[in-house]
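Remarks on the structure that follows.
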Amino acid sequence: MPGAPLTAAEQQGRRNAAGKAPAAGPAAAVSAGATRTAGATRTAGASRTFARRAEEVPVARRFIRDTLADHPASLDAELLACELVTNAVQHATDAARVTVAVTRCGPVVHVDVIDDGRTGLPHWREADGQDEDGRGFQLVNEIAQRWGFLREPAGTCVWFELTP
């Protein structure tokens with residue numbers, strides 16, 4: 001079902017298939033290259049870590065735009081990643097950093113947005129007609145083919161996948 005988040009069991013299976021957490025940690029400022037995961041070659045992977053500040057959101061948006069410039073799902077990825085980075089900036093109040101990791105595997109784009117905060121959980125909000133916020137996960141749910149989040153002691157990873 002498009003837009004449906006993974007169940008806890010599916011999230012664990014995804015983690016086990018990769019042999020590690022689904023995202024690069026905040027240690028690397030920028031990295032790129034190809035990796036091998038579960039028998040498929042993932043190409044055009046890149047990650048970048050940003051300070052958890054509002055002025056970093058447009059920089060993260062440009063990073064997504066530059067990384068996926070020629071991909072048909074680049075505009076959707078840019079929109080959704082921007083929403084998730086904004087969520088991390090606004091709600092992960094004890095976090096210092098936000099890492100955005102982008103992986104292309106054939107036509108699929110996978111984006112992780114990881115904060116190093118240790119409190120709180122991402123949650124769905126119902127936004128009404130005049131609300132100025134609260135629509136981030138609604139957008140992710142409508143546009144992404146799959147999405148979910150992992151909460152671990154080192155932080156939170158919210159991820160989504162798109163296909164053209």
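What follows is calculated from the coordinates using simple rules that are stated; it is not laboratory data. Please read these numbers as outputs of a predicted model, since none were measured by experiment. Cβ placement follows ideal geometry from the backbone for every residue including glycine, while neighbour counts extend to all protein chains displayed.
Taking the radius of gyration and the Kirkwood hydrodynamic radius from Cα positions alone, what is the Rg/Rh ratio for the range 41-121, to two decimal places? Working shown, then result.
Numbers: Rg = 12.5 Å, Rh = 12.7 Å.
Rg divided by Rh gives 0.98.
Could you check the simple spin-label distance between Ala154 and Ala54, using points 7 Å along Cα→Cβ, in nm with one decimal?
Modelled inter-label distance: 3.1 nm.
Could you give me D for the range 49-96, from Stokes-Einstein at 25 °C and 0.890 mPa s, where the hydrodynamic radius is the Kirkwood radius over C-alpha pairs? Units µm² s⁻¹, please.
In µm²/s, the coefficient rounds to 224.
Would you calculate the separation in nanometres between label points at Asp70 and Glu126, each defined as 7 Å from the Cα along the Cα-to-beta-carbon direction?
Spacing of the two 7 Å Cα→Cβ label points: 4.6 nm.
Taking the Cβ-Cβ separation of Thr119 and Glu142 as r and a Förster radius of 25 Å, what is the calculated FRET efficiency to the nearest 0.05?
Working: r = 28 Å, r/R0 = 1.12.
It comes out at approximately 0.35.
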